[in-house]
1. I'd like to check something: does segment 9-21 contain any residue that is modelled with pLDDT of 80 or more and in a helix (DSSP H, G or I)?
2. Pick out the one residue from N69, N169 that is closer than 21 Å to N25 by Cβ, at pLDDT below 85 and polar (S, T, N, Q).
3. Could you look through segment 137-160, keep only residues that are on the phi > 0 side of the Ramachandran plot and in contact (Cβ under 8 Å) with a residue 40 or more places away in the chain, and pick out the one that is surrounded by the most Cβ atoms within 10 Å (Cβ to Cβ)?
4. Starting from residues that are open to solvent by 60 Å² or more (accessible area, probe 1.4 Å) and outside any helix (DSSP H, G or I), keep the ones in segment 115-129 and report whichever is modelled with the highest pLDDT.
5. Are any residues in segment 61-110 open to solvent by 60 Å² or more (accessible area, probe 1.4 Å), assigned to a helix (DSSP H, G or I) and under 19 Å from T38 (Cβ atoms), and if so, which ones?
6. What number goes with the only condition from (1) open to solvent by 20 Å² or more (accessible area, probe 1.4 Å); (2) part of a loop (DSSP other than H, G, I, E, B); (3) modelled with pLDDT under 95 that D54 does not pass?
Amino acid sequence: MEMMIDDLLSFSKLGRKQVTVKTINMTALLNGVINEITISKDENTPIFEIDELDNAVGDPSLIKQVWVNLISNAIKYSKYKPETRIKITSTAKEDKIIYSIKDYGAGFDMDYYDKLFGVFQRLHSQEEFAGTGIGLAIVQKIVNRHQGTVWAESELDAGANFYFSLPNNKH
């Protein structure tokens, strides 16, 4: 319950936090996140396939939280698979950069997609996968505050691919 309250407080504070905008070296930020996350995990050591990522403009601490939540989920929902493989890419478009985090884990049923980014909405049981059900709501709020969007594609038991876009200020 305490973790749920802490997560809810973090979520509510996001609406008031000033967004500091600067150029983010996404590859460096991501490598730091991966080092932090994988050191603290006891599960299968994830195998990362990472393309060279396009830099972004945004608040580094907030974008770091997006990576932490999405990669932590990819690891968590892959824990029952023989290996944990995560592919991370980016694609620069005219007006936005799209980042992709693909795992080959539990996935989810797209029929319940509308619940995915809701606060305390869960598509898997607490017994199967621990969590408070607020991580993706935090991701969505951060990305929206950066004038971006977040979405996902999945197939049950065949993994998930989460995407988020940020404005491409190079054009």
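The values are calculated or read from the model by the stated rules, or taken from the named source; none is laboratory data. Keep in mind that this is a model prediction, so the values were computed, not measured. When we count neighbours, we look across all protein chains shown, and the Cβ atoms used for this are built from the backbone with ideal geometry, even at glycine. Areas reflect the complete protein model, heavy atoms only, side chains present, ligands, DNA and RNA absent. Shrake-Rupley method; radii C 1.70, N 1.55, O 1.52, S 1.80 Å.
1. no
2. Numbers: N69 fails: at pLDDT below 85.
Exactly one residue qualifies, and that residue is N169.
3. Of all residues in segment 137-160, those on the phi > 0 side of the Ramachandran plot come to 147, 157, 159.
From what is left, the residues that are in contact (Cβ under 8 Å) with a residue 40 or more places away in the chain are 157, 159.
Values: D157: 13, G159: 22.
Top of the filtered list is G159.
4. Of the residues in segment 115-129, the ones open to solvent by 60 Å² or more (accessible area, probe 1.4 Å) are 115, 120-122, 126-128.
Okay, now just the ones that are also outside any helix (DSSP H, G or I), so 120-122, 126-128.
Values: F120: 50, Q121: 54, R122: 46, Q126: 46, E127: 50, E128: 49.
Result: Q121.
5. K64, Q65
6. (3)
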